[in-house]
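These notes are about the structure you will find just below.
The values are calculated or read from the model by the stated rules, or taken from the named source; none is laboratory data. Here the structure is a predicted model, which is why all the values come from computation and not from measurement. Here the Cβ positions follow ideal geometry from the backbone for every residue, glycine too, while neighbour counts run over all protein chains shown. These area figures cover heavy atoms from the full protein model, side chains too; ligands, DNA and RNA do not enter into them. Shrake-Rupley method; radii C 1.70, N 1.55, O 1.52, S 1.80 Å.
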Amino acid sequence: MELPSKYAPQQAESKWYQYWMENGYFRSTPDHRTPYTIVIPPPNVTGVLHMGHMLNNTIQDVLIRKARLQGFNACWVPGTDHASIATEAKVVAQLKEQGIEKSDLSREEFLSHAWAWKEKYGGVILEQLKKLGCSCDWDRTAFTMDPLLSDSVIKVFVDLYNKGLIYRGYRMVHWDPEALTTLSDEEVIYEERSGLLYFVSYPLADGSDRITVATTRPETILGDTALCVHPEDPRYAHLIGQEVLVPITNRKVPVIADEYVDPEFGTGCLKITPAHDPNDYLIGQKHGLELIDIFHPNATLNSYGGPFEGMDRFEARKAVAKWLEEHGFLVKKENHQNKVGTSERTKAVIEPRLSDQWFLRMDTLVKPALEAVMDTQEIKLFPKKFENTYKHWLEGIRDWNISRQLWWGQQIPAYYYGDAKTDYVVAESLETALALAREKSGNAQLDASDLRRDEDALDTWFSSWLWPISVFNGILDPENPEIKYYYPTNDLVTGPDILFFWVARMIFAGYEYMGEKPFTNVYLTGLVRDAQRRKMSKSLGNSPDALKLIEDYGADGVRVGLLLSASAGNDLLFDEALCAQGQHFANKIWNGFRLVQSWEVAEIPQPETAQLGIEWYRGAFNQTLAVIEDHFEKYRISDALMALYKLVWDDYSAWLLEIIKPAYGAPIDKTTYESVIGLLEQNLVLLHPFMPFLTEEIWQYIQPRSKDQALIVGQWPKPYATDMELTNTFGLAAEVIAGVRNIRQEHGIPQKELLSLCVLADDQFPKSWVPVITKLAHVEEVTWVEAAPEGSASFRVMSSECFVPLLGQIDPVEELKKLNDELAYTQGFLVSVEKKLSNERFVQNAPESVLALERKKQSDALEKIEMLSQRIAQLS
RNA sequence: GGGUGUUUAGCUCAGUUGGUUUAGAGCGCUACCUUGACAGGGUAGAGGUCAUGGGUUCGAAUCCCUUAACACCCACCA
């Protein structure tokens, strides 16, 4: 059959993906085999595939496919996350475009819009993963708001509440004025921003003096309820206990003293706005200060804003500053760098805000999670450096704010029946809630209509932290066969940016609900950056279109490109050139196959060269197989691929195929043909996890295969029984061949012209390789000589000297120069070796093996120098 | 402010407990090759005082300290 000389991935990819799907190779059900399980880090349901997804899903697919080939029952559970805040923001924006405000909708109406959106766009990213070749068990596709998963979340909430780990508290929390919800500590990103430090003077109530305070937020003056100085600050000692007038409002507030104040900073006097700053809040509590909340939820000023009411906080900042300046309260302004908390999702500047929220106590959950990683190593993080980060975070962790003022998500199962703050119950169902409420209130007349369910939804991560358990229904039905079989999962592959958000919390949940770790190995990939080291982001527009890449280079090419650049634990600088390299590699493999299948097979004896080549390659294959296993164990996927790349490109294509290649038009013997097909098939198995499409394509071209002979369910190779001696001496033969090629190159001798090769050999000369040397170096014959023939170019391999007689074509001056250069190098080398050997302390201290080695180097060098000198003498 | 990590060829990175290394790979680069699988190819080659300064050692890219640059994480300093 006539195959094209360029591998065209497009048709092959859709063909084989469909074939795999139709035959159910991705499906997994519990059986007698050992399971190998990965749960996907569920991408946002509204998301589209970006480079980060491409990378970590490629890695997961490599691991899953390899496990499948190794005979494990491989199960990769796909799914999506409802991403409460991100999705809600998108839906709100979309509704706005249609002229609908969220505030005009009921919860039910809004949710029906949100579900419609999810149905429409929710599957996109999963379809894209299929294009990449991901072999997920699609029948298991889960969504964090599926009934089963949602019920799990509610059950866990109630359970944790009953255990006393979840509580409702009035706290200062991070408020996102754009999304109109609170956020957890982890969702706040601090950014360095340059702003102004305003120095504002407050008159004493009795008019006797003025005090200047420094603030970055003059608008919060409207909520000031005290000034505060350090108790031992002599500058202000006389003012403690006096009252000052707050500018604009003319409210009288006290001057108090607290050690929190740093006398060195600003003026050493701090204004206290307990409602709008976490520290001020603490000081306010300590000193019993009044709380004045000056903002609406969207961070515009409320009625406390006086003349500024209705203004946005940043607008108000300028307006207040202007007012202060005009009325003589503003002493000066200074440039000031400070860290501003922003919302991870909306980028809005966070406003500290007091409110009633639900919290999860972390102290007891943290303990087993810390031990599992730091002490018992039940869970291993790759790369290891993240263990420290993990430890630090766990040790400094604060309670987790899990309530969100959103609708898209699991609604908190708390029901209020009265006006007091404690008039609520927590229950999985309305009926239970009613019963509990009647009991708690002592009012048997309570009726379902008297219960008001908490309006808030739960943090997205409060559902995804159960993911490895809930996808197997392990929360609602902990004894079911699936969870017992698949849990704990094996590997988790994700980005380090969600180590705290997700990974750590899954570990908490695993120990709390399964009494066991959720996974054994966590492989944290690097961030994908562009060639200039910038993060890939939509706003920079430097993120390539994932699907376009697949179209251009083929999924296999993209996978290889991505993996080649992703050395373990480092950020990866993505460059399309690497996808091209992957594509070239695919083509190389394709053409290697094209060559073999073009041969006519005949019942003729096997040439010695072919026998040697096959035997040697088996050894090389064994070595690479071992290297690959080792790399995989350490999650060095990139290195594993590179080892394979070299095996296939150099050893298989460049050497083996050249060695066995019959003369043009001549047939190949059957033995060699069958061996090389066998070797090719083994290569394909190793390559399959990385390049699933191409390998299946060739695999099926080689011969028709039945359903259970497909490559995807093939068998991982075992090492060949082979003569490693041949493998080990091949390197020398290759050097001889390279030596001859080099001489050809230097003297411009075409391939067609056969040369002869004379060798002044010692024992180490690879004599068994002579037939191969003859063939690949285009040498007529190899003869053994005792002295250098007249007019030869020469090179050395170990301590054998090789000559290519080139009467009349040799420039003795050139040849001499070459020899002299080599002599100089060898002498330099000898000096360094002898320096060591003449050092008594080296001889005394170094281990025998090292000494022997140095002595060998010395004698080799001496011998070489002698031979070189002879040649030089001869020529000059 | 605290912590972690990085710094090896033009680029991206290996270099495993210090000794088979006057340091390796891939890509790129240079020269030559219309070589019957592949120019998305082949052959050959150039290219590094292992960030800096010091120390330990018979021996350091590798261990210790200094300095510098970069990256990331954590932290309520107005």
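Rg/Rh for the stretch A:466-519: what does it come to with C-alpha atoms and Rh from Kirkwood?
Here the Rg-to-Rh quotient is 0.97.
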Q: May I ask for the net charge around residue A:211, where only other residues with Cβ less than 10 Å from the Cβ of residue A:211 are counted and Lys, Arg are +1 while Asp, Glu are -1?
A: +2
Q: Choose one of A:614, A:129, A:48: the residue whose Cα lies farthest towards the positive end of the charge dipole of chain A (beta-carbon charges +1 Lys, Arg; -1 Asp, Glu; about the Cα centre).
A: A:48
Q: Using a 1.4 angstrom probe, figure out how much accessible area the stretch A:38-93 has per residue, in square angstrom, rounded to the nearest whole.
A: 17
(Q) Given Cβ point charges of +1 (Lys, Arg) and -1 (Asp, Glu) and nothing else, what value in debye, to the nearest 20, does the dipole of chain A about its Cα centre take? (A) 480
Q) Which value, in Å², gives the accessible area per residue of the stretch A:747-828 when a 1.4 Å probe is used on the protein heavy atoms? A) 51
(Q) Which residue, A:100, A:157, A:79, has the largest displacement toward the positive end of the dipole of chain A when charges sit on each Cβ (Lys, Arg +1; Asp, Glu -1)? (A) A:100
Q.
How are the alpha carbon pair distances in the stretch A:409-568 distributed across 5 Å bins from zero to the largest one, expressed in percent?
A. 2, 7, 11, 12, 11, 11, 12, 11, 8, 5, 4, 4, 2, 1, 0
Q) What's the Kirkwood radius of the stretch A:663-744 in Å, using all Cα pairs? A) 15.7
(Q) Once the convex hull of the alpha carbons of the stretch A:236-367 is built, what does its volume come to per residue, in cubic angstrom? (A) 184
**Q.** Rg followed by Dmax, in Å, when chain A is reduced to its Cα trace
**A.** 37.1, 119
**Q.** Binned Cα-Cα distance frequencies in the stretch A:330-476 - 5 Å width, integer %
**A.** 2, 7, 10, 13, 15, 14, 12, 10, 7, 5, 3, 2, 1
Q: For residue A:547 paired with residue A:741, estimate the spin-label separation in nm (one decimal), with each label point 7 Å from Cα along the Cα-to-Cβ line.
A: 4.4
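Using +1 on the beta carbon of Lys and Arg, -1 on that of Asp and Glu, and nothing else charged, what's the dipole of the stretch A:1-144 about the Cα centre, debye to 20?
Computed about the Cα centre, the dipole is about 500 debye.
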Q) So, how do all the Cα-to-Cα distances of the stretch A:655-708 break down into 5 Å bins, in percent, from 0 on up? A) 4, 16, 23, 22, 18, 11, 5, 1
Q. What net charge do the residues around residue A:167 carry, taking every other residue with its C-beta under 9 Å from that of residue A:167, with Lys and Arg at +1 and Asp and Glu at -1?
A. +1
Q. Is the stretch A:91-139 best put as rounded, prolate or oblate by its Cα gyration tensor, with a ≥ b ≥ c the root eigenvalues, rounded for a/c under 1.5, and otherwise prolate when a/b is larger than b/c, oblate when not?
A. prolate
Q) Rg(Cα) of the stretch A:301-382 divided by 2.2 N^0.38 Å? A) 1.93
Q) Taking 0.36 nm per intervening residue step and subtracting the Cα-Cα distance, what contour gain separates residue A:580 from residue A:768 on full extension? A) 63.7 nm
Q | Protein accessible area in chain A, 1.4 Å probe - carbon and sulfur % | A | 51
Q) Averaged per residue, what accessible surface does the stretch A:345-408 expose to a 1.4 Å probe, in Å²? A) 44
Q: Report the FRET efficiency, 1/(1 + (r/R0)^6), for residue A:516 and residue A:570, where r is their Cβ-Cβ distance and R0 is 35 Å, rounded to 0.05.
A: 0.65
Q) What FRET efficiency do you get for residue A:708 and residue A:127 if R0 is 35 Å and r is their Cβ-Cβ distance, rounded to the nearest 0.05? A) 0.80
Q. What is the ratio of the Cα radius of gyration of the stretch A:814-876 to 2.2 N^0.38 Å, where N is its residue count, to two decimals?
A. 1.34
Q) Of A:679, A:736, A:691, which is farthest on the positive side of the dipole of the stretch A:678-759, counting Cα position, with +1 on Lys and Arg Cβ, -1 on Asp and Glu Cβ, and the Cα centre as origin? A) A:691
Q | FRET E, pair residue A:2, residue A:355, Förster distance 60 Å, beta-carbon r, rounded to 0.05 | A | 0.25
(Q) Given Cα positions, please report Rg to Rh for the stretch A:87-227, the hydrodynamic radius being the Kirkwood one. (A) 1.15
**Q.** Residue-averaged 222 nm ellipticity for chain A, from DSSP H runs of 4+ at -39500 (n - 2.57), nearest 500
**A.** -13500 deg cm²/dmol
Q: Using a/c under 1.5 as the rounded threshold, could you call the stretch A:486-638 rounded, prolate or oblate? The axes a ≥ b ≥ c are square roots of the C-alpha gyration tensor eigenvalues, and prolate needs a/b larger than b/c, oblate otherwise.
A: oblate
Q) What is the stretch A:483-551 by shape, rounded, prolate or oblate, if you read a ≥ b ≥ c off the alpha carbon gyration tensor as root eigenvalues and call it rounded for a/c under 1.5, prolate for a/b larger than b/c, and oblate otherwise? A) prolate
Q) Which whole-number percent of Cα pairs in the stretch A:719-876 have a distance greater than 26 Å? A) 37
Q. What's the local net charge at residue A:679, with K and R +1, D and E -1, over the other residues with C-beta under 13 Å away?
A. -3
**Q.** Projected label distance in nm at residue A:630 and residue A:784, using a 7 Å step from Cα toward the beta-carbon
**A.** 3.6
(Q) Could you tell me the center-to-center distance, by alpha carbons, between the stretch A:606-642 and the stretch A:1-77 in angstrom? (A) 24
Q.
Show me the three semi-axes of the equivalent ellipsoid for the stretch A:1-124, from the C-alpha gyration tensor (sqrt of 5 times each eigenvalue), largest first, rounded to whole Å.
A. 38, 21, 13
Q: In debye, nearest 20, what is the charge dipole magnitude of the stretch A:721-778 about its Cα centre with +1 on Lys and Arg Cβ and -1 on Asp and Glu Cβ, if you could check?
A: 320
